[in-house]
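Heads up: the structure comes next, in structure tokens.
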Amino acid sequence: MKKIIEKSEWDLIIRPKKSLLDINLIELYKYRDLLMMFVKRDIVTVYKQTILGPIWFVVQPIFQMLTFIIIFTKVTHISTDGVPPSLFYLAGIVIWNYFSECLNQTANTFGDNADMFGKVYFPRLITPLSKVISGLIKFAIQFTIFIVIYLVYVIFFQTIHPSISIILVPFLVLLMAGLGLGFGLIFSALTTKYRDLKFLLQFGIQLVMYATPIIYPLSTIPEKYKFYFFLNPLTHIIETFKSVFFSVTEINMYGLLYSFIFMVIVLISGILIFNKTEKTFMDTV
């Protein structure tokens with residue numbers, strides 16, 4: 001008696017990636033439910049066993065703002081270009097925190113998720129993407145605090161005058177997200193082989209923060225050094241973020257274009273390096 005073998009139809013066929021450019025973006029959309037689950041996990045678990053819980057999202061930038069006011073305004077008397085110090089520092093803190101959050105949280109993707117990656121299949125890019133989206137929620141909370149204080153100055157003190165250029169804010173946030181994700185993916189791939197990099201990352205982020213006009217305006221930098229600050233793509237984003245709210249300086253569109261091109265290059269490079277490392281990272285982690 002002949003055996004009848006029915007052709008099996010599989011819901012999902014997992015094949016090894018053939019090339020560096022073999023990136024299935026459609027698959028990311030198919031796993032969107034998993035992405036949202038990771039986002040929820042990232043938000044809930046971080047502050048689950050803390051006393052203040054999500055209130056830390058509010059407390060952190062306010063403490064930073066007060067510290068900057070005491071040190072850089074009261075003690076060292078650094079100029080804020082006529083902008084109220086609370087607004088000036090909070091503007092820089094809010095958008096910088098989002099960049100550093102994206103970079104820090106994605107930089108050790110392989111190390112933090114090695115056990116899960118070794119047991120179950122899903123697009124690995126889901127994990128760093130979830131960090132960027134969950135960080136966006138934290139940014140939204142802190143940005144709301146900034147807007148509340150901003151409106152107080154606009155309505156009651158009338159020392160700040162909004163402009164139509166505020167519509168650039170989503171674009172600036174997108175640039176920060178892309179840079180944070182791109183650099184994070186690159187560091188995540190490198191730390192699978194060079195573990196020392198994760199210890200240097202936090203120190204490096206602090207150095208970059210002081211090399212970016214967050215606690216001081218770009219106008220206070222001597223002309224002979226400004227070129228080096230312009231090489232930093234974060235400089236143009238931070239300066240534009242402050243300009244759209246305070247109208248102190250003109251928006252440098254060429255600087256924004258440079259930051260955008262830089263972001264695209266870093267993001268694509270990060271995805272390609274991450275994609276290559278994904279194939280062999282279990283042998284080194």
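The values are calculated or read from the model by the stated rules, or taken from the named source; none is laboratory data. What you see is a predicted model, and the numbers here were worked out from it, not measured in a lab. Note that we place each Cβ from the backbone using ideal geometry, even for glycine, and neighbour counts take in every protein chain shown.
List of remarks:
- Test: residue in region 162-183 that is modelled with pLDDT under 85 and closer than 27 Å to T67 by Cα: yes
- Listed by first and then second residue, the pairs linking a residue in region 250-273 that is in contact (Cβ under 8 Å) with a residue 40 or more places away in the chain to a residue that is of a type in the set (A, V, I, L, M, F, W, C) and loosely packed, with under 15 Cβ neighbours inside 10 Å, with Cβ atoms under 6 Å apart and 6 or more places separating them unless they lie on different chains, are L272/L20.
Residue by residue, here is whether (1) farther than 21 Å from H236 by Cβ; (2) touching a residue at least 12 places away in the same chain (Cβ under 8 Å); (3) polar (S, T, N, Q) holds:
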| site | (1), (2), (3) |
| --- | --- |
| I133 | yes, yes, no |
| K138 | yes, yes, no |
| V154 | yes, no, no |
| T159 | yes, yes, yes |
| F199 | yes, no, no |
| G204 | no, no, no |
| I214 | no, yes, no |
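- With respect to the conditions (1) touching a Leu at 6+ places or on another chain (Cβ under 7 Å); (2) buried (at least 19 other Cβ atoms within 10 Å of the Cβ); (3) within 24 Å of T67 (Cα to Cα), N275 lacks only one, and its number is (3).
- Residue within region 174-197 that is in a helix (DSSP H, G or I), surrounded by fewer than 18 Cβ atoms within 10 Å (Cβ to Cβ) and either touching a strand residue (DSSP E or B) at 6+ places or on another chain (Cβ under 9 Å) or not hydrophobic (A, V, I, L, M, F, W, C) (or both) present: no
- Among the conditions (1) outside any loop (DSSP other than H, G, I, E, B); (2) among the aliphatic types (A, V, I, L, M); (3) at pLDDT 85 or above, I215 misses just one, which is (1).
Rundown of residues vs (1) among the small types (G, A, S); (2) under 16 Å from the mean Cα position of the chain (by Cα), yes/no style:
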site	(1), (2)
G135	yes, yes
F139	no, yes
F143	no, yes
V148	no, no
L151	no, no
Q158	no, no
I164	no, no
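- Count of region 117-155 residues, restricted to those that are within 15 Å of V169 (Cβ to Cβ), among the hydroxyl-bearing types (S, T, Y) and surrounded by 14 or more Cβ atoms within 10 Å (Cβ to Cβ), is 1.
- Pairs where the first residue, in region 222-239, is in contact (Cβ under 8 Å) with a residue 40 or more places away in the chain and within 13 Å of T212 (Cβ to Cβ) and the second is part of a helix (DSSP H, G or I) and of a type in the set (S, T, Y), C-beta under 9 Å, 6+ apart: P233/Y258; P233/S259; L234/S259; I237/S259
- Residue check, Q158 on the phi > 0 side of the Ramachandran plot and either out of contact with any Gly (no Cβ under 6 Å at 6 or more places or on another chain) or buried (at least 21 other Cβ atoms within 10 Å of the Cβ) (or both): yes
- In this structure, I78 does not satisfy being under 26 Å from V132 (Cβ atoms) and surrounded by 14 or more Cβ atoms within 10 Å (Cβ to Cβ).
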